[in-house]
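Okay, structure first, notes after.
Each value in this text was obtained by applying a stated rule to the coordinates, not by laboratory testing. No experiment lies behind these values; they were computed from the predicted model shown. Counting neighbours? That spans all protein chains shown, and the Cβs are built from the backbone with ideal geometry, glycine included.
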Amino acid sequence: MLALTSVDTGEPGAESGAGGGPGERVLPIWIGPAEASAIAMELAGVKFARPLTHDLLKQVILGLGADLRKVIITQVKDNTYYAELHIYRGDAVIQIDARPSDSIAVALRLKAPIYTSDSLLALTSVDTGEPGAESGAGGGPGGPGAPGKFTP
């Protein structure tokens, strides 16, 4: 399971939309061992002699002169999460449907922010009860109601 976290500071304009008092919110996403390994290896800074799948996608995006600006975890349907890669090339914006696990692995490699909506966070997140030290999810670009920013 991958847990994306957001911190609700309890300050006006910084609520994640998930309710409750100050504390950390976790968006639990079940992923396979290969994707978990790809994410863990990137977080640990492990590099391989040959590119792995997510490294390859990073090189394709960069090689085409494009930029991954953000990943949005868009919805959960029948216990399956959905995500979109938002790739910019010049004036064109290309939105690609993808699994959240792959999206997160690519976002980490390209240092792209990961977002979700306050409504999805309210629907599926879990309160750990642990107070956090970072700003809340809704305080990202666009203010409350905009997609919440997460750090994997």
With the crude spin-label approximation of a point 7 Å out along Cα→Cβ, what separation in nm comes out for residue 66 versus residue 53? 1.8 nm
For a quick check: sort 76, 26, 93 by the number of other beta carbons within 10 angstrom, fewest at the front. 93, 76, 26
Using Cβ counts within 10 Å as a stand-in for footprinting exposure, how do 37, 101, 125 rank, fewest first? 37, 101, 125
Given labels modelled 7 Å from the Cα in the Cβ direction, how far is it in nm from residue 76 to residue 40? 2.3 nm
Taking R0 as 22 Å, what FRET efficiency do you get between residue 30 and residue 126 from their Cβ-Cβ distance, rounded to the nearest 0.05? 0.95
